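Working notes, beginning with the structure itself.
The values are calculated or read from the model by the stated rules, or taken from the named source; none is laboratory data. Since the structure is predicted, the reported quantities are computational estimates derived from the model, not experimental observations. Here the Cβ is made from the backbone with ideal geometry for all residues, glycine too, and neighbour counts use every protein chain on show.
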Amino acid sequence: MAYQKVSVTELQPGSYVVEVVEQRGDIIVKHAGWVRSPQAIAQLQSKGVLTVLVDPSRFLVTEQPAVTPAEKTSADTAEPDAPVVRHLFADEWPRAEKVLLQSQRVQQLVLDATRNQQPIDLSMVHEVSAGLSDSVSRNQDVLLCLTRIAEQSDSLLQHSINCAIYIAAYAKFINLPIDRSKTLITAALLHDVGKALKPELIHQPDAAAIGTSLAALQRNKDLAGQVSLWISQHCAFLDGSGSPSIKGNQIAKGSQMLAIVNQYEKLTNPANSNQSPLAASRYLLSLTPLQLDTELLQLFIKCIGVYPPGTVVKLTTGKLALVLENNPKKPTQPKVKLFYHSVHQHHIIPKIMDLSRQQEEHIEGCVDLKKYGLDVRNYL
């Protein structure tokens, strides 16, 4: 069931609030969750909340206990969900595929609306942001794997979705509040919409399209101000180079994260330079600390791995393997699936191997399977 945008004045007790869409004031509502009473709705109003996104499928139909005085004065307006347990790779795969397909459909609608100079349906974008956030919470490696093996049919569409998936995993890894994570994902999905309006900008530096993107987004009155800020600064560098020319702590943290993700995706995207993940990471590290924040970049690399899920690697024995799961504690020793021997040039019996738990096999480097006439999607 699709999410629905609801005015806070029409919000009903028992509704599950996914995200605050429009809000006035400085107080931030931190958690998604149920509003169980009229008092909780009144607290949302007192905090300046105007519009929210709700999940109708999670509406509470059972009678709720009476609200105590302590609950009436509580600062929390919604009850947060319990921590999500990491799902098995195979279990999350079909759900992540559905999330990715929905993301592609919605992103295509976003780009079409921009090309036709129409407002973007932000409720759909928020729904995609929430879906990506939920999937990486269950098992981020699945979406990261799907990202690397996806067909590059539309470079602009795929770039935006890849950036959104990277930023979703990144935000989860550094424990950003869920509302901030979803807003960052929204920014990643929308950061290049100006290139849809002016196709001649597609192969130009991103800075050339920022003004066009912001102008297109101004047609959407409900868009959070942070989204526009992060998009406007995502080509700025800490030393004042880039666009706009601002320095250091004047650049928002969200903008710096989006800049890292945007550059990494461009470097590793087959439609662009198609560098290996290791080469891309090394290049970005060369830009620290003058242009990129060292700590933020190191956290991103630790999050996705030196060899991200979906990467094909060659082991020292000559066997080829598909990376399935990152190992944050030992980034060069992920969990892989062996499937081919490059020396003897024949397939081998598929085998899942955790490289951190054995001494025989080590990664020699990344491999482009096209050189062997193979398609990575046949080995999932």
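Contact map, region 4-28: residues that are at pLDDT 85 or above and part of a strand (DSSP E or B) paired with residues that are buried (at least 16 other Cβ atoms within 10 Å of the Cβ) and of a type in the set (D, E, K, R), Cβ distance under 7 Å, separation 6+ or inter-chain. No pairs are found. Please pick out the residue among 271, 259 that is assigned by TED's automatic domain parsing to the domain that holds residue 147 and assigned to a helix (DSSP H, G or I). Within the list 271, 259, the selection yields 259. Please state which of the following conditions residue 343 fails to meet, knowing it meets all the rest: (1) more than 20 Å from residue 88 (Cβ to Cβ); (2) outside the structural domain of residue 147 (by TED's automatic domain parsing); (3) touching a strand residue (DSSP E or B) at 6+ places or on another chain (Cβ under 6 Å); (4) modelled with pLDDT under 95. Answer for residue 343: the failing condition is (3). Of the strands (runs of 3 or more DSSP E) lying entirely inside region 296-380, those containing at least 3 residues that are within 17 Å of residue 144 (Cα to Cα) are 319-325, 335-341. Restricting attention to region 193-246, the residues being among the small types (Gly, Ala, Ser) and more than 18 Å from residue 112 (Cβ to Cβ) number 13.
Condition first: closer than 22 Å to residue 128 by Cα, acidic (Asp, Glu) and touching a Leu at 6+ places or on another chain (Cβ under 9 Å). Can you find one or more residues in region 192-209 that meet it? Yes, region 192-209 contains a residue that is closer than 22 Å to residue 128 by Cα, acidic (Asp, Glu) and touching a Leu at 6+ places or on another chain (Cβ under 9 Å).
Does residue 357 satisfy the criteria of being touching a residue at least 40 places away in the same chain (Cβ under 8 Å) and of a type outside the set (Asp, Glu)? When the stated conditions are applied, residue 357 does not pass them. Within region 306-326, the set of residues being without any contact (Cβ under 8 Å) to a residue 60 or more places away in the chain and under 19 Å from the mean Cα position of the chain (by Cα) comprises 306, 307. For residue 229, state whether it is touching a strand residue (DSSP E or B) at 6+ places or on another chain (Cβ under 8 Å) and of a type outside the set (Ser, Thr, Tyr). Taking the combined requirement at face value, the residue does not satisfy it. Annotation for region 275-289: no member residue is surrounded by fewer than 20 Cβ atoms within 10 Å (Cβ to Cβ) and part of a strand (DSSP E or B).
What about residue 85, is it modelled with pLDDT of 50 or more, of a type in the set (Val, Ile, Thr) and surrounded by fewer than 13 Cβ atoms within 10 Å (Cβ to Cβ)?
Here the answer is yes, as residue 85 does meet what is asked.
Can you find, within region 290-324, the residue that is surrounded by the most Cβ atoms within 10 Å (Cβ to Cβ) among those that are touching a helix residue (DSSP H, G or I) at 6+ places or on another chain (Cβ under 9 Å) and hydroxyl-bearing (Ser, Thr, Tyr)? Per the criteria, the residue is 311. Screening residue 266 on (1) of a type in the set (Lys, Arg); (2) under 20 Å from the mean Cα position of the chain (by Cα); (3) within 19 Å of residue 339 (Cβ to Cβ) shows it passes everything except condition (3).
Of the residues 104, 158, the single one that is in a helix (DSSP H, G or I), surrounded by fewer than 20 Cβ atoms within 10 Å (Cβ to Cβ) and polar (S, T, N, Q) is 104.
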